[in-house]
Amino acid sequence: MADDIRERMIEFIPRLRRFALMLARDMDAADDLVQETCLRALASADQWQSGTRLDSWMYRIAQNLWLDRARFRRVRGESVDIETAVNVVGADGRNLVEARLMLDQVGRAMEKLPPDQQTIVTLVSIDGLSYKEAAEALDVPIGTVMSRLARARRALQEHMTNDQARATDRHGASGTTKEPAR
């Protein structure tokens, strides 16, 4: 049984890594999450029942580890890796900046979603699972997946629209920062 679970885990790692990357939004943190998830799964292999969905079980382990880390960060405070704070030089600076700004905006909007909605968006929109597969992976009814995803998409759109409106108010139509009224 141990060899069977190891082989299935190895096949699942690319999908688990995409899931972890969406949750962590940092390659190193995602790799750490995948590694910790695999270690936890191997240590608890006797709890997994052959014939059940290994991906569902591992998604839940990863999500629980991520939630634990998020709670810990809230208590401890946020830290910034100096290597990620350095600007990246690219061939087309404007496109790179616009892409990074959009990705940052989407990331900020995702962080405002409740964890259950973040997970659904990640599984369906990033990992490409069908509603049925996501429901099985999370052990929830398909209707729950559909309603959480609909709420998450509305909330994302609202957050992004509000962020754009605030940016426009701050910078005006000319793109320059407005002077505060005195």
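The values are calculated or read from the model by the stated rules, or taken from the named source; none is laboratory data. If you're wondering where the values come from, they're calculated on a predicted model, not measured in any experiment. A quick note on method: Cβ atoms are made from the backbone with ideal geometry, for glycine too, and the neighbour counts reach across all protein chains shown. These accessible areas exclude ligands, DNA and RNA; they are computed on the full protein's heavy atoms, side chains included. Shrake-Rupley method; radii C 1.70, N 1.55, O 1.52, S 1.80 Å.
The label-point distance for Phe72 and Arg166, in a model that sets each label 7 Å from Cα toward Cβ, rounds to 2.9 nm. Around the amide H of Val140, modelled in the peptide plane, lies no amide H under 5 Å away from a residue 5 or more places distant or on another chain.
Could you state the orientation-averaged shadow area of the convex hull built on the Cα atoms of the range 1-71, in nm² to one decimal?
On the way: hull surface 17.3 nm².
Result: a mean projected hull area of 4.3 nm².
In what sequence, largest accessible area first, do Trp48, Trp57 appear using a 1.4 Å probe? Write down the numbers at each step before the final one.
Numbers: Trp48 10, Trp57 40 Å².
Result of the area sort, largest leading: Trp57, Trp48.
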